[in-house]
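A quick write-up on the structure given underneath.
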Amino acid sequence: MRTDIFARLDREPEPPKIEIPRMSRHRVALFGGTLAFYLVIVHLVLISSWLVALDWKVMLFRPYQQWPSLHAFLDYYVVLGQRGPTAVMIASWLGWRSWRQHTLRPLLTLGAALLLLNVSVGGVKIFLGRLGPHYATQIGSAELFAGGDIFPSGHTANAVVTWGILAYLATTPKARRYLSAISATVSLGVGLTTVYIGTHWLSDVLLGWAAGLLVLLALPWVEPLITLAEQMVLAARERWRQQRSHRASVSVPVASGGHRPVLPAGAGDPDEAVAVAVGTDGVPGLLPAGAAARTRPAPHAVRTERAPGAPAGTRRPSHPDRPPRSTAAPARPMGG
């Protein structure tokens with residue numbers, strides 16, 4: 001038995017018992033508080049309150065001009081909130097976990113979380129239509145319903161969900177605490193980075209944090225659907241394996257010089273239903289030993305070109321100046 005650290009990379013012999021999170025009272029309270037914070041941010045932006053004025057003050061402060069030395073590093077750091085790169089990284093890790101633990105739950109949970117994120121955040125973005133700081137038209141305006149797609153911040157919400165899903169799927173309390181701290185730090189940094197480079201208002205980032213947290217808190221309600229989807233996928237895989245093994249057992253290759261089974265009547269081309277005599281008597285479906293077998297006609301059989309009913313004999317017309325050729329050739333004289 002391996003005891004080194006590399007033993008953790010081996011596949012577990014059987015699926016471990018994983019405790020699925022439930023919607024406890026504590027989680028329900030957090031979900032309600034986050035939802036209230038979400039609605040308050042939306043309301044403050046809709047009425048162009050002090051939060052919108054703060055957005056303009058931060059934008060006119062232009063943090064990227066105040067600390068230009070950070071710009072090169074933060075341009076790369078903000079990628080941790082982009083949907084494509086983060087989804088590939090997290091899906092690769094969770095795919096390995098699915099293989100190691102004999103379960104599809106990590107990948108299905110990630111897919112469900114991203115689907116909820118796209119529906120909730122994308123719908124609000126399109127409905128409110130807020131313009132970003134670089135496209136603002138009037139100082140002090142909330143820039144709502146102008147055809148934009150900046151509110152809430154998709155980078156921030158995606159960072160909360162994709163990195164927070166690691167903490168949600170952690171199997172031990174210690175790992176959950178560490179991963180929660182890491183995901184909170186990453187999502188906080190991504191949100192503030194978007195404000196630094198001027199692509200989002202501060203209120204966009206606040207709503208993005210709340211939107212991502214709502215998705216993570218709502219995942220226990222989706223767990224029954226995830227379990228059902230996993231059962232359906234595994235059942236389909238088992239049916240495919242049974243069909244594959246059945247086809248492999250039916251189409252067993254015949255060894256050279258061996259006997260072939262008798263084909264059932266009406267199967268395939270009638271000329272190809274060849275019954276080969278076998279040496280085993282009494283086997284159902286096989287001809288007894290010594291039985292005659294039908295064979296296909298030779299591929300190059302001689303075909304006659306004579307019309308039906310034509311008289312027998314030569315087909316060459318007789319020559320008027322040549323005597324008819326007899327069928328019996330005259331005997332040649334023997335020379336002495």
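Below are the figures for this structure:
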read-out	value
Taking the C-alpha atoms of the stretch 86-151, convex hull volume expressed per residue in Å³	83 Å³
Contact order relative to length of the stretch 145-228, as percent, for alpha carbon pairs under 8 angstrom and 6 or more apart	42 percent
Cross-link reach list, lysines versus K57, counting only Cα pairs under 26 Å and skipping chain neighbours closer than eight places	K125
Label-point separation in nm, S24 to F145, each point 7 Å along Cα→Cβ	4.4 nm
Taking all pairs of distinct alpha-carbon atoms in the stretch 28-175, Kirkwood radius in angstrom	17.8 Å
Solvent-accessible surface ranking, highest first, for E19, E230, E143, E238 at 1.4 angstrom	E19, E238, E230, E143
Order by protection proxy (mean Cβ within 10 Å, highest first), peptides 54-65, 189-200	189-200, 54-65
Positive-end residue, the stretch 16-65 charge dipole about Cα centroid, Cβ charges, pick of A29, M59, I41	A29
Under 28 Å from the Cα of K17 - lysines, other chains or at least 8 residues apart	K174
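The values are calculated or read from the model by the stated rules, or taken from the named source; none is laboratory data. Small disclaimer: the values here were computed from a predicted structure and weren't measured. Positions of Cβ are backbone-derived with ideal geometry, glycine not excepted, and every protein chain shown enters the neighbour counts. Surface accessibility is based on the protein's heavy atoms, side chains included, excluding ligands, DNA and RNA. Shrake-Rupley method; radii C 1.70, N 1.55, O 1.52, S 1.80 Å.
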